[in-house]
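As structure tokens, the structure follows; a few thoughts come after it.
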Amino acid sequence: MDDLVSIITPVYNSEKYIADTVKSVVAQTYSKWELLIVDDCSTDNTREVVNDFKDQRIKYLKLNINSGAAAARNEALQRAKGKYIAFLDADDMWKPNKLEKQLKFMIENKIGFSFTGYEILREKENKVIKVPSTLNYSQFMKNTIIGTLTVMINTELVGEVRLVNVKKDHDSMTWAKLLRDGHLAYGLNESLAYYRKVVGSISNDKFKAAKNHWNNCRNIEKLSLLRCIYFFFFYGINAVKKHYL
């Protein structure tokens, strides 16, 4: 395996956790990667923390105007040189063998779109998120099982990737678009990453996350009221199972 993997990381006032995130990339057993960190006009010391890493594979970019995470990710995607695209947020981390195992899984099975299991960091005991072997559009709209920090895409099989430019839940809507276009998402049911719940983040506010999912179902996916209710019912059940059971 010698294909380049472009890792997309948007940051905004991320000085508290970004060092841990970058360290988890540098520690990868698969070394042919580039880390594209796009700063959405941070006002803290994010840039200084990133620049402390003296690794030419790490590339720091800064937007001129605060534009949101979708725009930051798309800026990185425009500059990405890798055949494979991976996503990692500024407060999450990968296990050292994440890239190696997932890349091998994709190459051996000729997969274009994959995701893996991961762990939600908790004070007492981490919650391990298990994933199905495959996921289609209908199955995806019923749950929150694809963790963006685990997604990897082969651009030769899927084509050019751009995030849906909406303020909320743009990553999930992008996966929905890929699945709606006929691609399948293939799950590697092994925990290869750590998801950190950050107080105040949208993903940690389950009411807002549910509201965003409903709005996107109606306004972005343009689904009927009845179909949205059907998906939303299972979405709620699966969200409770994922985070609280």
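The values are calculated or read from the model by the stated rules, or taken from the named source; none is laboratory data. These numbers come from a predicted model, not from an experiment. Cβ coordinates were reconstructed from backbone atoms using ideal geometry, including for glycine residues, and neighbour counts include every protein chain displayed.
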| remark: Considering residues that are in contact with a helix residue (DSSP H, G or I) (Cβ under 7 Å, 6 or more places away or on another chain), touching a residue at least 60 places away in the same chain (Cβ under 8 Å) and of a type outside the set (Gly, Ala, Ser), the number found within segment 11-51 is 6
| query | Has segment 132-139 got any residue that is assigned to a helix (DSSP H, G or I), modelled with pLDDT of 85 or more and polar (S, T, N, Q)? | reply | yes
| If you scan segment 139-170, which residues turn out to be among the polar types (S, T, N, Q), closer than 21 Å to Phe232 by Cβ and in contact (Cβ under 8 Å) with a residue 24 or more places away in the chain? | Asn143, Thr144, Thr148
| request: State whether one or more residues within segment 103-112 are polar (S, T, N, Q) and closer than 29 Å to Asn51 by Cα. | output: no
| query | Taking the stated definitions as given, is Gln78 under 23 Å from Arg162 (Cα atoms), free of Cβ contacts under 8 Å to residues at least 12 places away in the same chain and of a type outside the set (Gly, Ala, Ser)? | reply | yes
| remark: All-but-one check, Gly182 against (1) touching a residue at least 12 places away in the same chain (Cβ under 8 Å); (2) within 28 Å of Phe233 (Cβ to Cβ), failing number (1)
| request: Considering each residue of segment 164-179, count those that are modelled with pLDDT of 90 or more, of a type in the set (D, E, K, R) and either buried (at least 20 other Cβ atoms within 10 Å of the Cβ) or in a loop (DSSP other than H, G, I, E, B) (or both), and give that number. | output: 1
| When residues of segment 61-107 are limited to those that are of a type in the set (A, V, I, L, M) and assigned to a loop (DSSP other than H, G, I, E, B), the one farthest from Val11 (Cα to Cα) | Ala80
| task | Have a look at Glu48, Glu15 and point out the one that is over 25 Å from Ile107 (Cα atoms) and in a helix (DSSP H, G or I). | result | Glu48
| query | Only one residue in Ser114, Ser67 is closer than 22 Å to Thr174 by Cα, among the polar types (S, T, N, Q), surrounded by 15 or more Cβ atoms within 10 Å (Cβ to Cβ) and without any contact (Cβ under 8 Å) to a residue 40 or more places away in the chain. Which one? | reply | Ser67
| Hits in segment 1-18 - residues which are among the aliphatic types (A, V, I, L, M), over 14 Å from Leu77 (Cα atoms) and surrounded by 15 or more Cβ atoms within 10 Å (Cβ to Cβ) | Val11, Ile18
| said: One residue is enough: does segment 87-103 have a residue meeting the conditions more than 22 Å from Gly159 (Cβ to Cβ) and of a type in the set (A, V, I, L, M)? | reply: yes
